1. Residue 403's amide H: which non-local residues (gap 5+, or another chain) put their own amide H closer than 5 Å, with H modeled 1.01 Å from N in plane and none for Pro or chain starts?
2. Suppose we keep just the DSSP beta bridges with both residues in region 49-113; what percent of those would be antiparallel, to 5?
3. Once the piece of chain linking residue 242 and residue 602 is laid out straight, how much longer is it, given 0.36 nm per residue of separation minus the C-alpha distance between them?
4. With viscosity set to 1.306 mPa s at 10 °C, what whole-number translational diffusion coefficient in µm²/s follows for region 360-453 from Stokes-Einstein and a Kirkwood radius over Cα pairs?
5. State to the nearest 20 debye the size of the charge dipole of region 347-417 about its Cα centre, where the only charges are +1 on K and R beta carbons and -1 on D and E beta carbons.
6. So what is the relative contact order of region 419-479, in percent, for Cα pairs below 8 Å that sit 6 or more residues apart?
7. Just the ratio, please: alpha-carbon radius of gyration of region 49-113 over 2.2 N^0.38 Å, N its number of residues.
8. Given labels modelled 7 Å from the Cα in the Cβ direction, how far is it in nm from residue 542 to residue 129?
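What follows draws every value from the coordinates through simple rules; no lab data is involved. A quick note: this is a predicted structure, and the numbers were derived from the prediction, not measured. Here Cβ is always computed from backbone atoms with ideal geometry, including for glycine, and neighbour counts include all displayed protein chains.
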Amino acid sequence: MNDNDKQPGPENGGGNPWMKSLLIWVGILAALALFVQLFNSPASQTAGDAMSYSSFLDKVQAGEVKSVNVAAGSAGTSIVTGALSSDAKFRTNAPNDPQLIPTLREKGVTINARPEEGASIWQYILVQSLPFLLFMGIAFFVVRQMQKNSGSGAMGFGKSRAKLLTQKEGKVTFDDVAGIDEAREELQEIVEFLKDPTKFARLGGKIPKGALLVGSPGTGKTLLARAIAGEAGVPFFTISGSDFVEMFVGVGASRVRDMFEQAKKSAPCIVFIDEIDAVGRSRGAGLGNQNDEREQTLNQLLVEMDGFEANEGIIIIAATNRPDVLDPALLRPGRFDRQVVVPRPDIEGRVKILQVHMKKVPLAPDVDPRTIARGTPGFSGADLANLVNEAALLAARRGKRLVAMSEFEDAKDKVMMGAERRSMLMTEDEKRMTAYHEAGHAIVALHHPASDPIHKATIIPRGRALGMVMSLPERDQLSMHRDQMYANLAMSMGGRVAEELIFGYDRVSSGASGDIQQATRLARAMVTRWGMSEAVGPLEYADSEENYLGYGMSRPAHMSNETALLIDAEIKKLVEGGLSKAKQVLSEHIDQLHALAQALLEYETLTGDEIKRLIAGEEIGREDPGSKAPPLSAGGTSIPKIRRPKGPFGTPAPQGA
């Protein structure tokens, strides 16, 4: 959690760790060799060459033996060592021969009776304990290496994994945060409090103990935390909520305690917990309370944040996109004094975000961030960053030096509708059916006043769809009106109705499966959530969307069987109403349906303005139809049309499979 936890490396001046390990092993082997050499028996080194007892007696009789040393051996034998007349050393084992000593005296041999030199008891103990010492040394070395590599150590499971964030490179400031001005101001105040506490303290204000960043994925919660780290001027610790709970019981609570102990040493400081829902889920939510370890960790976190002992100078900032699963005790003032909502940006916010990300991209003069922002409603900050990156990659792929507006438009289509699959094989009949299907969506949308304007229609397979019609609202939608819902129901049914009108009842394809799914979901929301049914009334019957908490498995439905039948009947009534409206519109404008389908077969992709000119009887405006994208190859088999499910409103929803 501190700077000492950093692993040594060449960049930190610690040398190469692999070279250190190699040197350690070489040293161990050298020490073992020296040990064996040192404690090798000196008697075995100086005793001389081995000689048989008969040869020894012959040399004694010949007078060639100068001196001997007789030592008691095992099993009644004697060990005779000595020197010959030529000063050569010898060694032999003699039986218990009573005539040996008289014979030696007779030949004038000098006789010594001192014992043979052998290993001492300490040498024996060291030699016997050598394998154990070697095993302990290897184990100690392995443990040390694991401690260095894991940071907390093999024996330090209870140590916190929070890291002290340093801004050596890639520093982020509040200038890099755009489009979420209110959230930025809330957190800037915390930074100002840390820099100048007297400004607020003289009026009795206290620094907030914690701030919870809440928002959809990609809206910039972690980016805000990085901006705080870049401008706070105090130690900034960062940790993920999943780093607390481990496979061992009690580790999570121990890591929470260790994290706050380290933070106290660095106070004033900021601790950022990313994805706090991993550890802060509501207690008692699971069936049978199966995850007591996580609850124990949460209890320790609650105590450390605002318990009997106050943690002065420690500010907790957490981020989550699941505030509904957090424990109420974690959200109360005193722990998280502020809940900062980080919303999806509006058009002005998207313009600012695009300008931030476009600073690093060479732009052509025709690029207008406001035009791009107007065409990307519902995009988060991460989506816009991805859009700019895709445009830059597309320009590089095309060999351009500047990123033009055409690259941004193509990148937007790729992000919103998926990548083109021009290599997909489709027969002429399949292309013709797809063209009429998408034309049906477009014609119904054009003749319904409450429908969103059409952005683009295409029969080029994109993503998992064979074709689609993209509608974009003229402005950011904060709510949805009843007439817009009816328009969306009719537009969803336009493709299926067009297939039936042109190809007959028996030729209706499965391509409308996604449209039916979207229409059914919208109709169910109208009846059970928004009170748009006269028969059901303004009552809420929607199923709980929090089944992941464990409640839904045992909660009874809050409706009778009769009410459920009534809801199903009302949903069917709404969907069939959209079907009837689509059939009426397409029957009245069948000539426009044929014209638009033929244009899609010719050009494959049409913009909203081109479709409007075509319906009005004007020229589309393209100079050469041959300049369109290359046609799809004929032949092959059809792939079932699949759409990603979209919500009733909010993000742009392409129509058609």
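1. Under 5 Å from the amide H of residue 403 lie the amide H atoms of 363, 364, each far enough along the sequence or on another chain.
2. Numbers: 13 of 18 bridges.
If I count the DSSP bridges inside region 49-113, around 70 percent turn out antiparallel.
3. Details: separation 360, 0.36 × 360 = 129.60 nm, distance 5.39 nm.
Answer, rounded to one decimal: 124.2 nm.
4. Details: Rh = 15.6 Å.
My calculation gives 102 µm²/s for D.
5. On the way: 12 positive and 9 negative charges, 49 e Å.
Approximately 240 debye in magnitude.
6. Values: 68 pairs, mean separation 21.3, N = 61.
Over region 419-479, the number comes to 35 percent.
7. On the way: Rg = 10.6 Å, N = 65, 2.2 N^0.38 = 10.7 Å.
This ratio for region 49-113 stands at 0.98.
8. Modelled inter-label distance: 7.4 nm.
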